[in-house]
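The values are calculated or read from the model by the stated rules, or taken from the named source; none is laboratory data. Keep in mind that what you see is a predicted model, and the values were worked out from it rather than measured. Reconstructed Cβ throughout: ideal geometry from the backbone, glycine too, with neighbour counts over all protein chains shown.
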Amino acid sequence: MLNQLQTELAERARAGLKRKRRLLQSPQAAHLQMDGQSLLSFASNDYLGLANHPALIQALQNAAAEAGVGAGASHLINGHHQLHQAAEQALAHFVGLPAGLLFTTGYMANMGVIDALMGRDDAIFADKLNHASLNDAALLSRATLHRYRHQDLAQLEKLLRESSARRKLVVVDAVFSMDGNVAPVPELLALCEQYDAWLMLDDAHGFGVLGRHGSGILSHFNVQSPRIIYMATLGKAAGVAGAFVAGDETIIEYLVQSAKTYIYTTASPPALSAALIAAVDVMKTDLARHQHLANLIQIFKSELQLKTWQLMPSITAIQPVVIGSNEQVLALSEYLLTRGIFVPAIRPPTVPKDTARLRISLSAGHSEADVRLLIKALQEAEKALVA
């Protein structure tokens, strides 16, 4: 087996698909130390610049002093701390839903929800560009999986209409992590209402960015429904770690009793929940942070001028630039590193073949000068690297 694995790794390297871990030597920030270099980073999902915010750090430190470090047990034994409970209530209230439930990661949240609610007699309808966790969860549930073309509502409607499944669940990224485009939530909800289906939204990249005070995709579209199951991760715009699911109280209580990735794992450290509560408070009160991020997005979209490479349409902090080949995008990423700028090269299978890209992540931690420096570097790189 080792020989086979070595061969596969060598093939991956030859195809320009081998990845490596970079060593961060500073707090996560727009300006950081990585691999011994001082870099301007456009790689992090820390969209609001909260990962090193003093209020979150203080909340974490205070809570660790009072509640200790580890939870020590699963939530259903004696690991469910009052800080967990307070964070669940704060997060659910923030997104305008009746109840919430913390999970250790977004991957575990998606696996837990879908496996708990769906089974062999059920059907799941998934956008083809959904996150891997949603696809894996669908397979684990043993429900019939229907994947429809990206944002093709006509195909989705046909699949829903033809299904005779006991339960139907439409699952979709609210913001697609490699494209930055937004799911048509009102139209999806209308189809779910018409065909008696549930709608699960993975708002990992919308929470903290879209909607009033960053409260997410539901606020962005001003939609509410008991049919919605909402999931958001807490290690991106919220700046901490974990994930939460919110929805109808019956759904949440059922997950407490049935979601394996919730039941059979040790609860997260209680101090993290204190930091999450602080993050929600910052989102609600520091409105200038949201406005600054919106301004940076507008500057980048309006001022970047490219002739060959393609900036994808996105209203979010994710601004992908499609380059094409794996070799070209790696060369571009390395070119930017020589200029002191880090932007990750995204390649298949994360994105479709021949659509390798830079995934540029803007943050409220960036300045306007930072963004304009990136724009200048990209435009000069295109001249230097494109034959």
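Here are the numbers:
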| quantity | calculated |
| --- | --- |
| Sole exception among (1) at pLDDT 95 or above; (2) surrounded by fewer than 23 Cβ atoms within 10 Å (Cβ to Cβ) for Met200, by number | (2) |
| Pair list, Cβ < 8 Å and 6+ apart or interchain, from the range 196-222 residues that are closer than 22 Å to Leu159 by Cβ and basic (Lys, Arg) to residues that are at pLDDT below 95 and outside any loop (DSSP other than H, G, I, E, B) | none |
| Hits in the range 150-177 (condition: without any contact (Cβ under 8 Å) to a residue 40 or more places away in the chain and out of contact with any strand residue (DSSP E or B) (no Cβ under 8 Å at 6 or more places or on another chain)) | Asp152, Leu153, Ala154, Glu157, Lys158, Arg161, Glu162, Ser164 |
| Enumerated helices (runs of 4 or more DSSP H) restricted to the range 248-289, each holding at least 3 residues that are surrounded by fewer than 17 Cβ atoms within 10 Å (Cβ to Cβ) | 249-258, 270-285 |
| In the range 223-240, the residues that are among the aliphatic types (A, V, I, L, M) and in contact (Cβ under 8 Å) with a residue 40 or more places away in the chain | Ile228, Ile229, Met231, Ala232, Leu234, Ala237, Ala238, Val240 |
| Residues (small (Gly, Ala, Ser), buried (at least 20 other Cβ atoms within 10 Å of the Cβ) and under 19 Å from Tyr195 (Cα atoms)) located in the range 139-164 | Ala143 |
| Test for Val175: is it touching a Cys at 6+ places or on another chain (Cβ under 9 Å), under 27 Å from Ser314 (Cβ atoms) and buried (at least 24 other Cβ atoms within 10 Å of the Cβ) | no |
| Residue list for the range 112-130, restricted to those being touching a residue at least 60 places away in the same chain (Cβ under 8 Å) and either surrounded by fewer than 23 Cβ atoms within 10 Å (Cβ to Cβ) or not assigned by TED's automatic domain parsing to the domain that holds Leu156 (or both) | Asp115, Ala116, Leu117, Asn130 |
| Of all residues making up the range 311-344, the number that are part of a helix (DSSP H, G or I) and of a type outside the set (Phe, Trp, Tyr) | 12 |
| 3 or more residues in contact with a Gly (Cβ under 6 Å, 6 or more places away or on another chain) and at pLDDT 95 or above: qualifying helices (runs of 4 or more DSSP H) within the range 24-141 | 82-95 |
| Positions within the range 293-310 being outside any loop (DSSP other than H, G, I, E, B) and surrounded by fewer than 19 Cβ atoms within 10 Å (Cβ to Cβ), in sequence order | Ala294, Asn295, Gln298, Ile299, Lys301, Ser302, Glu303, Gln310 |
| Members of the range 320-336 that are under 24 Å from the mean Cα position of the chain (by Cα) and within 22 Å of Lys301 (Cβ to Cβ) | Pro320, Val321, Val322, Ile323, Gly324, Val329, Ser333 |
| Options Ala86, Ala92, Ala29, Ala15: the member that is surrounded by fewer than 19 Cβ atoms within 10 Å (Cβ to Cβ) and either under 16 Å from Val280 (Cβ atoms) or of a type in the set (Phe, Trp, Tyr) (or both) | Ala86 |
| Residue within the range 340-348 that is under 22 Å from Lys376 (Cβ atoms), surrounded by fewer than 19 Cβ atoms within 10 Å (Cβ to Cβ), at pLDDT 95 or above and not polar (S, T, N, Q) present | yes |
| Residues that are without any contact (Cβ under 8 Å) to a residue 40 or more places away in the chain and farther than 21 Å from Val282 by Cβ, drawn from the range 32-58 | Gln33, Asp35, Gly36 |
